[in-house]
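Below is one structure; the comments refer to it alone.
The values are calculated or read from the model by the stated rules, or taken from the named source; none is laboratory data. Predicted model only: the values in this text are computed from it and were never measured. In this analysis, Cβ positions are derived from the backbone assuming ideal geometry, glycine residues included, and neighbour counts consider all displayed protein chains. We work out accessible area using only protein heavy atoms, side chains counted, and drop any ligands, DNA or RNA first. Shrake-Rupley method; radii C 1.70, N 1.55, O 1.52, S 1.80 Å.
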Amino acid sequence: MKISLFIPCFVDQLFPQTGMSIVKILERLGHTVDYPEAQTCCGQPAFNSGYWDEARVVAERQMAVFRDAENVVIASGSCGAMVKVFYPELFHNHPGEKEAKALAAKTFEFSDFLVNKLKVVDVGARLKGRATFHDGCHGLRELGLKKPPRQLLEHVQGLELVEMKEAETCCGFGGTFAVKFPMISTAMGEVKCASVTETGADFVISNDSSCLMQIRGILDKQGKAVKTMHLAEVLAQT
């Protein structure tokens, strides 16, 4: 299968190892991975801030870049939701509506693609330790991806997966939300990190790098030794 990889801004600029891990996993499974270098932001910051006209300009470029892709895999529940759920809304009754729906139909968040498209739950990963999983808001609430990442983690040899009480609670990042309401964002993050620490986990895992950045920042300030890892980084371990 030919797979076109869409790398979100956070991954591109701050967590490139996440993208490289996805390539390793997909190639390990025997697939061909293509990275269209003309891709840019999905337009979510503008969309969430109410600048829909500006968001369409960015989205139109993405639709053109991935027009001929067979399958598009995104390393983020947040950006995945933007393309799969909000592009059709953004272009409703606009000239690009048909193309937006076409791209949405062939776009998958990483864990969704592995479990529901490829029907794979064991990628041969190994990681020793105790881990807990953080559900990013978009991946959970917009894409409904509660089970896929856990199914994948349950098959990682040597990894004990434990649920934290606040698994579905927002970490407080929310993109522009953290900038506009830093005190609220921090308080929400502290609730999340307290729940992570309570599990005694060595790792907190998520399929959103932006959430992990928020959690990592607070854990570091608290002097906690819990490590943050993207799901793809875990699955790339052998």
Select from segment 1-15 the residues that are within 13 Å of the chain's Cα centre (by Cα) and in a helix (DSSP H, G or I) and list them in ascending order. C9, F10, V11, D12
Can you tell me which residues in segment 64-95 are under 24 Å from L118 (Cβ atoms), of a type outside the set (G, A, S) and touching a residue at least 40 places away in the same chain (Cβ under 8 Å)? F66, E70, N71, V72, V73, I74, C79, M82, V83, K84, V85
Considering only segment 142-238, give the strands (runs of 3 or more DSSP E) lying wholly within it that have at least 2 residues that are buried (at least 20 other Cβ atoms within 10 Å of the Cβ). 203-206, 227-230
Are any of the residues in segment 169-191 of a type in the set (A, V, I, L, M), modelled with pLDDT under 95 and under 29 Å from P45 (Cα atoms)? yes
Number of the exception - V83 against (1) at pLDDT 95 or above; (2) within 25 Å of G175 (Cα to Cα); (3) open to solvent by 10 Å² or more (accessible area, probe 1.4 Å): (3)
Could you say which residue among E89, E54, E27, E97 is surrounded by 15 or more Cβ atoms within 10 Å (Cβ to Cβ), out of contact with any Lys or Arg (no Cβ under 7 Å at 6 or more places or on another chain) and modelled with pLDDT of 95 or more? E97
What tally of residues in segment 111-139 results from selecting those that are closer than 27 Å to E70 by Cβ, out of contact with any His (no Cβ under 9 Å at 6 or more places or on another chain), open to solvent by 10 Å² or more (accessible area, probe 1.4 Å) and of a type in the set (A, V, I, L, M)? 2
Here's a check for you: in segment 101-110, which residue that is of a type outside the set (K, R) and assigned to a helix (DSSP H, G or I) is surrounded by the most Cβ atoms within 10 Å (Cβ to Cβ)? F110
